[in-house]
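K.L.:
Take this structure, written in structure tokens, and hold onto it; I'll ask about it next.
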Amino acid sequence: MATGQLFSKTTQALFYNYKQLPIQRMLDFDFLCGRETPSVAGIINPGSEGFQKLFFGQEEIAIPVHSTVEAACAAHPTADVFINFASFRSAAASSMSALKQPTIRVVAIIAEGVPESDTKQLIGFAKANNKVVIGPATVGGIQAGAFKIGDTAGTIDNIIQCKLYRPGSVGFVSKSGGMSNELYNTIARVTDGVYEGIAIGGDVFPGSTLSDHVLRFNNIPQVKMIVVLGELGGQDEYSLVEALKQGKINKPVVAWVSGTCATLFKSEVQFGHAGAKSGGEMESAQAKNQALSDAGATVPTSYEAFEGAIKEAFEKLVSEGKTTPVKEIMPPQIPEDLNTAIKSGKVRAPTHIISTISDDRGEEPCYAGVPMSSIVEQGLGVGDVISLLWFKRSLPRYCTRFIEICTLLCADHGPCVSGAHNTIVTARAGKDLVSCLVSGLLTIGPRFGGAVDDAARYFKDAYDRGLTPYEFVESMKKKGIRVPGIGHRIKRGDNRDKRVELLQLYARENFPSVKYMEYAVQVETYTLSKANNLVLNVDGAIGSLFLDLLAGSGMFTKPEIDEIVEIGYLNGLFVLARSIGLIGHTFDQKRLKQPLYRHPWEDVLYTK
């Protein structure tokens, strides 16, 4: 066990099992104390590597993350404190790994419920190698104005109120982490504050004892008096009694053992900590308090009198000239987190993204204001979800059913079309699903599947301007523009595209109006008089029918319809639908374990 001061203003720690809040509290305490370097040198997160961003004052810093204790210790040889936030299941193993590292001097174990047999092994190894274990079941410890472990002393406001941003003259040790916060405040009210405070933890077998730390405090010149808070259960306090009797402690000790109320109960009572139960008369709070008093410690008559006893002991030291109260200093202002400042109304900050279609901030995600549970309970389908996320409103069922039919009919068109071919070649090259999908989607454009928007745009313009099919087609011809949505490489006037027929049939039976579709059919009649392959294709059918859907539903204004066509909503429907097929082709090729594709020579015209 160490015989003097454990921490200083240059102490650095390794933090096991990343927890953002306690690490940030340590860094805020560093800034409050005027440290030049952060007290957390590295983070150990099993299986992870990289960096974690945190704040050191106003500066954002990146703290290295290591996957093993050994790697972290090798990377940060000056970090000699190991703060273990692992669960009780793995705390012992990770703590032993740390104790075995030559660079680690102090290990703090936060978890409660660490198996007692494992704790005993840790204690034995630490003693044999002159190392210190604080805990298990501890909040940690603090060197005022220099270094603190995890959540010790709580919030920054509490730390400032307890004057822990600068060293005082009192050494304090407790079993309880929660009560240590209370005592930091008490000591700050009636003395010049704490110099070092330790919570050894409430388990039956603490890694270090009350007397271990009291003896350390006795060797630290800056500590002028010692405050001890014990509790019923166990016999730890008696080692302190023996040290007092043997004259090993020459500084004033003010002590109290809590749990005197246990005598009011007829049977044995288990208090909060595993070790906080009286197993006999000697382990009672009354017996311990009496033994400490007999050995020379100042022991008040009750916990309520504890503060007064501490005050009296400190004032006596001052009056005898044995200590001079530390002069008060003004700590720096910790920059407030933006989220906290916004919530309190102190600042306003611009947002970086605007979203009007979904919200995930509540108990469940909402699509255009409709809760996810409502979507499921109402039995809504993919078309309804597209209606909410694309059009920001619940369209009538005939509209959403039409969207679903378009998705079904456009999902795939065989392996020979451009998109599927690209996807197949990419899949056979061994690429991942996303790469295969994207390679197929990138072929979508004016010549393949991307004419839906253009078909809608030109049909709408021509119809709204009152152009006859002849005037429309001939004006497009003069401009050198092929009529989008007209023409097919395979289908003919006497061999119509079945998909087009199905869409037209559905629309005639369900849509209030099909004026744009009928106009497209009239255009087809004229173009077929010129060539038998100039039929209305699926792009033209979807484009014209979507215009009828938008106009006939009565839910969109004319500017909204124009915007939908301009933005590219209708091509989005083809992209969505065809993604289904492209994914299918990817899985098909991988399932068949097809080799790398090479185009055959005989299918290439080699020419000069």
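K.L.:
Give the residues of the stretch 103-158 that are farther than 22 Å from Ala74 by Cβ, charged (D, E, K, R) and touching a residue at least 60 places away in the same chain (Cβ under 8 Å), sorted by residue number.
P.N.:
Glu112, Glu116, Lys120, Lys127, Lys148, Asp151, listed by residue number.
K.L.:
Another question about this same structure. Just for the stretch 2-21: of the residues that are open to solvent by less than 60 Å² (accessible area, probe 1.4 Å) and closer than 30 Å to Lys224 by Cα, which one is modelled with the lowest pLDDT?
P.N.:
Of the residues in the stretch 2-21, the ones open to solvent by less than 60 Å² (accessible area, probe 1.4 Å) are 2, 4, 6-8, 11-18.
In the following step, the residues that additionally are closer than 30 Å to Lys224 by Cα were identified as 2, 4, 6-8, 11-13.
Working: Ala2: 66, Gly4: 89, Leu6: 96, Phe7: 97, Ser8: 97, Thr11: 98, Gln12: 98, Ala13: 98.
Ranking the candidates gives Ala2 first.
K.L.:
Could you tell me whether Ile43 is under 18 Å from Tyr16 (Cα atoms), open to solvent by less than 10 Å² (accessible area, probe 1.4 Å) and hydrophobic (A, V, I, L, M, F, W, C)?
P.N.:
In short, yes.
K.L.:
So, one more: So how many residues does the stretch 77-92 have that are in contact (Cβ under 8 Å) with a residue 24 or more places away in the chain and open to solvent by 30 Å² or more (accessible area, probe 1.4 Å)? Don't jump to the end; show me each part of the working.
P.N.:
Applying the first criterion (in contact (Cβ under 8 Å) with a residue 24 or more places away in the chain) to the stretch 77-92 yields 77-88, 91-92.
Within this subset, residues satisfying the condition of being open to solvent by 30 Å² or more (accessible area, probe 1.4 Å) are 77-78, 80, 85, 87-88.
Count: 6.
K.L.:
Counting only residues that are in a loop (DSSP other than H, G, I, E, B), at pLDDT 95 or above and more than 32 Å from the chain's Cα centre (by Cα), which one in the stretch 168-203 is surrounded by the most Cβ atoms within 10 Å (Cβ to Cβ)?
P.N.:
Here is the first cut: in the stretch 168-203, the ones in a loop (DSSP other than H, G, I, E, B) are 168-169, 175-176, 191-193, 200-203.
Okay, now just the ones that are also at pLDDT 95 or above, so 168-169, 191-193, 200.
Checking the rest, the ones that are also more than 32 Å from the chain's Cα centre (by Cα) come to 168-169, 191-193.
Values: Gly168: 28, Ser169: 23, Thr191: 25, Asp192: 22, Gly193: 25.
Among those that are in a loop (DSSP other than H, G, I, E, B), at pLDDT 95 or above and more than 32 Å from the chain's Cα centre (by Cα), it is Gly168.
K.L.:
So, in the stretch 537-584, how many residues would count as being without any contact (Cβ under 8 Å) to a residue 40 or more places away in the chain and in contact with a His (Cβ under 6 Å, 6 or more places away or on another chain)?
P.N.:
0
K.L.:
Any idea which of Gly466, Gly414, Gly430 is open to solvent by 40 Å² or more (accessible area, probe 1.4 Å), more than 28 Å from Lys558 (Cβ to Cβ) and part of a loop (DSSP other than H, G, I, E, B)?
P.N.:
On the way: Gly466 fails: more than 28 Å from Lys558 (Cβ to Cβ); Gly414 fails: open to solvent by 40 Å² or more (accessible area, probe 1.4 Å).
Step by step, each of Gly466, Gly414, Gly430 is checked, and only Gly430 is open to solvent by 40 Å² or more (accessible area, probe 1.4 Å), more than 28 Å from Lys558 (Cβ to Cβ) and part of a loop (DSSP other than H, G, I, E, B).
K.L.:
Given the criteria of a type in the set (Ser, Thr, Tyr), touching a Gly at 6+ places or on another chain (Cβ under 8 Å) and surrounded by fewer than 16 Cβ atoms within 10 Å (Cβ to Cβ), does Ser67 qualify? I'd like the intermediate steps shown before the answer.
P.N.:
Values: of a type in the set (Ser, Thr, Tyr): yes; touching a Gly at 6+ places or on another chain (Cβ under 8 Å): yes; surrounded by fewer than 16 Cβ atoms within 10 Å (Cβ to Cβ): yes.
So Ser67 fits the description; yes.
K.L.:
Out of contact with any Ser or Thr (no Cβ under 7 Å at 6 or more places or on another chain), over 26 Å from Pro206 (Cα atoms), part of a helix (DSSP H, G or I) and aliphatic (A, V, I, L, M): does that describe Ala98?
P.N.:
On the way: out of contact with any Ser or Thr (no Cβ under 7 Å at 6 or more places or on another chain): yes; over 26 Å from Pro206 (Cα atoms): no; part of a helix (DSSP H, G or I): yes; aliphatic (A, V, I, L, M): yes.
Judged against the criteria, Ala98 is not a match.
K.L.:
Go through the stretch 354-382 and give me each residue that's farther than 19 Å from Ile403 by Cα, outside any loop (DSSP other than H, G, I, E, B), open to solvent by 50 Å² or more (accessible area, probe 1.4 Å) and of a type outside the set (A, V, I, L, M).
P.N.:
Matches in the stretch 354-382: Ser358, Asp359, Glu377.
K.L.:
Give the residues of the stretch 115-162 that are open to solvent by less than 10 Å² (accessible area, probe 1.4 Å), assigned to a loop (DSSP other than H, G, I, E, B) and more than 22 Å from Gly193 (Cβ to Cβ), sorted by residue number.
P.N.:
The answer is Gly135, Pro136.
K.L.:
Condition first: assigned to a helix (DSSP H, G or I), of a type outside the set (Asp, Glu) and either open to solvent by 70 Å² or more (accessible area, probe 1.4 Å) or more than 18 Å from Val434 (Cβ to Cβ) (or both). Now tell me which residues in the stretch 578-608 satisfy that. Can you show your working first?
P.N.:
Of the residues in the stretch 578-608, the ones assigned to a helix (DSSP H, G or I) are 578-591, 601-603.
Adding the requirement that they be of a type outside the set (Asp, Glu) leaves 578-587, 589-591, 601.
Result: Ile580, Phe587, Lys590, Arg591, Trp601.
K.L.:
Here is a follow-up. What pairs come up if the first residue lies in the stretch 477-488 and is among the hydrophobic types (A, V, I, L, M, F, W, C) and surrounded by 19 or more Cβ atoms within 10 Å (Cβ to Cβ), the second is modelled with pLDDT of 90 or more and not in a helix (DSSP H, G or I), and their beta carbons are under 6 Å apart, counting only those six or more places apart or on different chains?
P.N.:
If the second residue must be modelled with pLDDT of 90 or more and not in a helix (DSSP H, G or I), the pairs left are Ile486/Leu534.
The values are calculated or read from the model by the stated rules, or taken from the named source; none is laboratory data. Here the structure is a predicted model, which means the values were calculated and not measured. Using ideal geometry, Cβ is built from the backbone for each residue, glycine included, and neighbour counts are taken over all protein chains shown. Heavy atoms of the whole protein, side chains included, go into the accessibility calculation; ligands, DNA and RNA do not. Shrake-Rupley method; radii C 1.70, N 1.55, O 1.52, S 1.80 Å.
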